[in-house]
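First comes the structure, then the notes that go with it.
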Amino acid sequence: MSRSKQLKLGAFMRPVSIHTGAWRYPGALPDANFNFPALKRFIQKLEQGKFDAFFMADHLAVLNMPINALKRSHTVTSFEPFTLLSALASVTEHIGLVATASTTYDQPYHIARRFASLDHISGGRAGWNIVTTANPDAALNFGLEEEVEHDERYRRAREFYDVVTGLWDSFADDAFIRDVEAGIYFDPAKLHVLNHQGKYLSVRGPLNIARPVQGWPVIVQAGASEAGRQLAAETAEAVFAPAGNLEAGKALFADIKGRAQAIGRDPDSIKILPGALVIVGETVAEAHAKRLHLDSLVHYDSGIASLNSAIGYDVSGFDPDGPLPEIPPNNAAHSSRERVIALAQHENLTIRQLAQRIGSYGGLAFIGTPQSIANEMEQWLIEEGSDGFNIMFPFLPEGLNDFVDKVVPELQRRGIFRQEYEGKTLRENLGLTRPVNRFFQTTTASVS
């Protein structure tokens, strides 16, 4: 491995911890998801730690789970992403601001306009996490009786991406000449009307905002299904797909970058950043004790609801101390469904054990000392399991402070994480090039 190769680190911050018991942990802030002063402190701490991005997931409905589980969930309320990230842009200078926006229940013009605005407000730090929404309750909030079929969602998403990026290219970079003497604000020859007519979308354009500072906000994709991987290979510049262990990470890394190369993309133009829960202790034993305490705070009502949601099938009527039954194909997100089924089979877990695991957090976790965690992260980088990680903190503020104050210095000491930001924009810090405007590839302007 070249010593110049560096880890890229995002922070998964909605909910502020993905762990169901996080809000109950001693010293944690129970209202952190909806506490702006706290979120401001969190993002400033992340910027102190030179993180690439603050990543805000989103839900378009209250989570569809039984009320006995919902009443125990800290994800029931959260800020709308663009509102929050626009506010956080004003109290930070370098860290990227990544928001989830659904291609299933929104319109391309809305998405293009919001992200272009955020990119200008932040000085070029916006990122779009493209998702297709699988929650059936979200469908009910948007006038549909049932959710859109899985592969259909991804076909719409692919066209949606083309429309949004086309709208971002509505104006040439040098279109706004603002000639006060001549009274000419912009060059009409530098304006493109999209006039998109496709299978799913009809959008005239142009976008009524100047081209984003970065050309386009950074494109992030989170899916790990077959359709999700192909969409990532075609469109993504950062991928937050899950990988439960190093071998799975290497397979995902090779698959997505291989697909990208096959269609003519530079594999290095995609950063693979699997999610990873990180729990830091002075000793490995102390870190594992923290995890056990954290897991003990998850009620079984929450666990079984999380399991049912992850697999898209209600198993609460089966023997909780028996094995997971065969799960028929359904419209749930394929990546989470397959991950949970594989976990149950690999570790021979009962429904009760699996519910406890999924209700807490069942994905990739680094639990140990700053040195042991850095060892594992470096191994993933060396062996091409990832380009970095989307870090999930077990509880806040302690878990965040532990990572920034203890793990980041160890990564920096090894030369695999930055000491200072490389630039002002998210693209510069991720090592990504600025996309060329597809309609205007010259920068000269003449207006008479």
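The values are calculated or read from the model by the stated rules, or taken from the named source; none is laboratory data. Treat the numbers as computed from the prediction; the structure is a model and nothing was measured. In this analysis, Cβ positions are derived from the backbone assuming ideal geometry, glycine residues included, and neighbour counts consider all displayed protein chains. Just the protein is used for accessible areas: all its heavy atoms, side chains included, with ligands, DNA and RNA removed. Shrake-Rupley method; radii C 1.70, N 1.55, O 1.52, S 1.80 Å.
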note = For 370-380, 129-139, ranked highest to lowest by mean beta-carbon neighbours within 10 Å, the order is 129-139, 370-380
request  = Report, in degrees rounded to the nearest 10, the 0 to 90 angle that the Cα long axis of helix 150-168 makes with the longest principal axis of the chain.
outcome  = 30
query = What's the angle, to the nearest 10 degrees (0 to 90), between helix 226-235's Cα axis and the longest principal axis of the chain?
reply = 30
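Stretched out fully, how many nm does the piece from V76 to Q345 gain, at 0.36 nm a residue minus the Cα gap?
On the way: separation 269, 0.36 × 269 = 96.84 nm, distance 3.08 nm.
Contour length minus the Cα-Cα distance gives 93.8 nm.
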inquiry  = Could you work out what % of the accessible surface of the chain is carbon and sulfur, using a 1.4 angstrom probe and leaving DNA, RNA and ligands out of the count?
reply    = 52
ask   = Given C-alpha coordinates of segment 134-179, what is the ratio Rg to Rh with the Kirkwood estimate of Rh?
value = 1.29
key: Accessible area in square angstrom per residue, the chain, 1.4 angstrom probe   = 42
inquiry  = So if each residue of separation counts as 0.36 nm, and I subtract the Cα-Cα distance between R438 and Q353, what length gain in nm does that give?
reply    = 25.4 nm
task = Could I have the simple spin-label model distance between D162 and Q261, label points 7 Å from Cα toward Cβ, reported in nm to one decimal?
result = 2.7
message = What are the extents of the Cα atoms of segment 78-154 along their three principal axes, in Å, largest first?
response = 42, 23, 18
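Once the Cβ-Cβ distance between D106 and L191 is put in as r, and R0 is 30 Å, what FRET efficiency do you end up with, to the nearest 0.05?
Numbers: r = 25 Å, r/R0 = 0.82.
With R0 = 30 Å, the Cβ-Cβ based efficiency is 0.75.
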query = Can you list the equivalent-ellipsoid semi-axes of the chain, largest first and in whole Å, using the square root of 5 times each Cα gyration tensor eigenvalue?
reply = 37, 26, 21
ask   = Can you give the Rg to Rh ratio of segment 301-437, both from alpha-carbon atoms, with Rh computed by the Kirkwood formula?
value = 1.08
request  = In nm, give the distance between the simple-model label positions of N68 and R413, each being 7 Å from the Cα along the Cα-to-Cβ direction.
outcome  = 4.9
key: Fully extended contour minus Cα-Cα distance, from E181 to F36, at 0.36 nm per residue   = 47.7 nm
Calculated P(r) tail over 21 Å for segment 194-352, as whole % of Cα pairs = 64
request  = Only loop residues by DSSP count here, and only those with at most 11 other Cβ atoms within 10 Å; note down the chymotrypsin sites (Phe, Trp or Tyr not before Pro) in segment 276-358 that meet that.
outcome  = none
remark   = In whole Hz, the Karplus estimates of ³J(HN,Hα) for segment 303-317 (6.51, -1.76, 1.60; θ = phi - 60°; x where Gly or Pro) are x, 5, 5, 5, 5, 4, 5, 5, 9, x, 7, 8, 10, 5, x
request  = Using only Cα atoms, find the angle between the long axis of helix 246-262 and the longest principal axis of the chain, and express it within 0 to 90 degrees, rounded to the nearest 10.
outcome  = 20
request  = Step through the table entries K5/K40; K290/K406; K45/K257; K40/K257; K5/K406, compare each Cα-Cα distance with 28 Å, and write down the pairs that go over it.
outcome  = K5/K40; K45/K257; K40/K257
Spatial separation of Cα centroids for segment 1-77 and segment 403-435, in angstrom = 20
